[in-house]
Amino acid sequence: MISIKDLSFSQKLRDGKHQCIINGIHCSVERGACVTIIGPSGGGKTTLLRILAGLEHDYEGAVDIDGASPLRAQEEGRIGFVFQQPVLFPWRTVRENIELPFEVKGKSLASNVIGEMLKITALEKYASYHPYQLSGGMQSRVAIARALVTEPDLLLLDEPFADLDEFNRERMNLELQRIWMNTGATMFFVTHDLVEAVFLADRVIVLSSKPAQIYQEFQVNFPRPRTPELMECPEFDSLLLRVRGSLRKATKLHAQQENCL
């Protein structure tokens, strides 16, 4: 269970003043669920992930990750983070990039663990390749494998497929769904792509403008595993329109607030 209670976060600006980024977010997420997060640009989505990842500490409120604080969960290797860019070391092979979390913590890694992760992410044939030899989608799979190799309770993804074209994004969404369903991890996924948000999610959270609050939530009850044909269904289109309308209102509110500054 991921529990967030009255979460607020302010950032210190260059002039010494503080800007409120998040204000009073409250939600609970069952273990193993996938939550996608959308909202206006610059509205605090990445900041929320950084707090969950234990990378931001000066917040108010409470965040509990299966009985631990984000910092403790991070230190125990229970959190995986996939950034917008894969951030792979070019001189390391696929296998060596995936092994990195264990090297950083000075822990040994059983060969069967890395082998299983390569298998889950369909990278077995490319274990000895270097990043420059891989497509963008394959590099994203390496980043996901690296985030999952410690068997985290919580997987955080910050627009990992933003630079892919529509066809490859759809393919990677299918890959991510398959990989995630093999792990049982809870997943928070930030995206600006509404089709992606609805397709992947058990819940879609729409954040308001800065300071971010939960503007609206949508339950997504389509069965898994989901296939591209789902996106052709009237029920999918109906939910997508509702999500789009909610985001439009949240973005309009953001623009109105910007004009008042």
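From the residues in region 30-45 that are under 17 Å from Gln219 (Cβ atoms) and within 14 Å of the chain's Cα centre (by Cα), which one is surrounded by the fewest Cβ atoms within 10 Å (Cβ to Cβ)? Per the criteria, the residue is Gly32. The condition of being touching a residue at least 40 places away in the same chain (Cβ under 8 Å), surrounded by fewer than 17 Cβ atoms within 10 Å (Cβ to Cβ) and either closer than 21 Å to Ala201 by Cβ or touching a Cys at 6+ places or on another chain (Cβ under 7 Å) (or both) holds for only one of Phe89, Phe83, that being Phe83. Taken together, the residues in region 46-68 that are farther than 19 Å from Ile205 by Cα, hydrophobic (A, V, I, L, M, F, W, C) and crowded, with 17+ Cβ neighbours inside 10 Å amount to 1.
The residues of region 36-57 that are closer than 24 Å to Lys252 by Cβ and either touching a helix residue (DSSP H, G or I) at 6+ places or on another chain (Cβ under 7 Å) or outside any loop (DSSP other than H, G, I, E, B) (or both), listed by number, are Thr36, Ile37, Ile38, Gly39, Pro40, Gly43, Lys45, Thr46, Thr47, Leu48. Condition test on Glu196, is it at pLDDT below 95 and acidic (Asp, Glu)? No; evaluated as a whole, the condition is false for this residue. For Lys107, the conditions (1) within 30 Å of Pro131 (Cβ to Cβ); (2) at pLDDT 90 or above; (3) surrounded by fewer than 13 Cβ atoms within 10 Å (Cβ to Cβ); (4) not small (Gly, Ala, Ser) all hold with the exception of (2).
Considering Val142, Val63, the condition of being at negative phi, among the β-branched types (Val, Ile, Thr) and part of a helix (DSSP H, G or I) is satisfied by Val142 alone. Listed by first and then second residue, the pairs linking a residue in region 115-141 that is without any contact (Cβ under 8 Å) to a residue 60 or more places away in the chain and surrounded by 14 or more Cβ atoms within 10 Å (Cβ to Cβ) to a residue that is of a type in the set (Ser, Thr, Tyr) and part of a helix (DSSP H, G or I), with Cβ atoms under 8 Å apart and 6 or more places separating them unless they lie on different chains, are Leu134/Tyr126; Met138/Tyr126. Any residue at all in region 52-59 that's modelled with pLDDT under 90 and under 21 Å from Asp153 (Cα atoms)? Taking every residue of region 52-59 in turn, at least one turns out to be modelled with pLDDT under 90 and under 21 Å from Asp153 (Cα atoms).
The values are calculated or read from the model by the stated rules, or taken from the named source; none is laboratory data. The model shown is predicted, which means the values in this text are computed figures rather than measured ones. Ideal geometry is used to build each Cβ from the backbone, glycine not excepted, and the neighbour counts take in all protein chains shown.
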